Amino acid sequence: MLDRVQSFFQERMSNAAGEIDEAQRLRVATCALLLEAAHADQEFGAEERRTVAGIVERRFGLDASDAAALIALADEERQQADGLYGFARLINTEYERPRKLAIIDLLWRVVYSDGVLESHEDAIMHRIGKLLGLRHDELIAVKLQVKRSVDD
């Protein structure tokens, strides 16, 4: 995984020393989780695509082209990964609880972007929450907050 990530970022967003840093790996991990949430119901529709692209652009300060490239890389990594553990482990290592909750907020926004919460989506969110070491009540509080905001 890290070879392709390093190559991607060295071509597009390398730092002055030309080395990939942890923040860049975290972008891929976060994006992979966004895509996992989007694909949980086996449908990755236009609204979900727009939501993921918008989140990636805003969250990481990327233009549309770089965001699309990051999404493509993260999707490839997601498909080749042995589950979500590696992505979650990286996030757990580098982020404190508030940042993890912010990621869960983004994931719920992807899930609710098509207006329907499917059981597979809910299940993957609980699994990701557990992998990120979040309590059930935290996961549900963020879920309800996002649901209220998208219903308004």
**Q.** On Cα atoms only, tilt of 85-94 relative to the major axis of the chain in degrees
**A.** 80
Q | Selection of GluC sites (Glu not before Pro), segment 27-133, meeting DSSP coil and at most 16 other Cβ within 10 Å | A | E43, E96, E118
Q: Place a +1 charge on the Cβ of each Lys and Arg in segment 2-151 and a -1 charge on the Cβ of each Asp and Glu, then give the dipole magnitude about the Cα centre in debye, rounded to the nearest 20.
A: 480
Q) So what is the relative contact order for the chain, in percent, with contacts set as C-alpha pairs under 8 Å and at least six apart? A) 28
Q. Contour minus end-to-end for A141 and R99, with contour as 0.36 nm per residue of separation and end-to-end as the Cα-Cα distance?
A. 13.6 nm
(Q) I need Y95, Y85, Y112 ordered by Cβ neighbour count within 10 Å, fewest first. (A) Y85, Y95, Y112
Q.
What percentages make up the Cα-Cα pair-distance distribution of segment 56-100 when the bins are 10 Å wide from 0?
A. 25, 40, 35, 0
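A short reminder: the numbers here are calculations on the coordinates, not readings from a lab. Just so it is clear, the structure is predicted and the values come from calculations on it, not from any experiment. Neighbour counts are summed over all protein chains in view; Cβ atoms, including those assigned to glycine, are modelled from backbone coordinates with ideal geometry.
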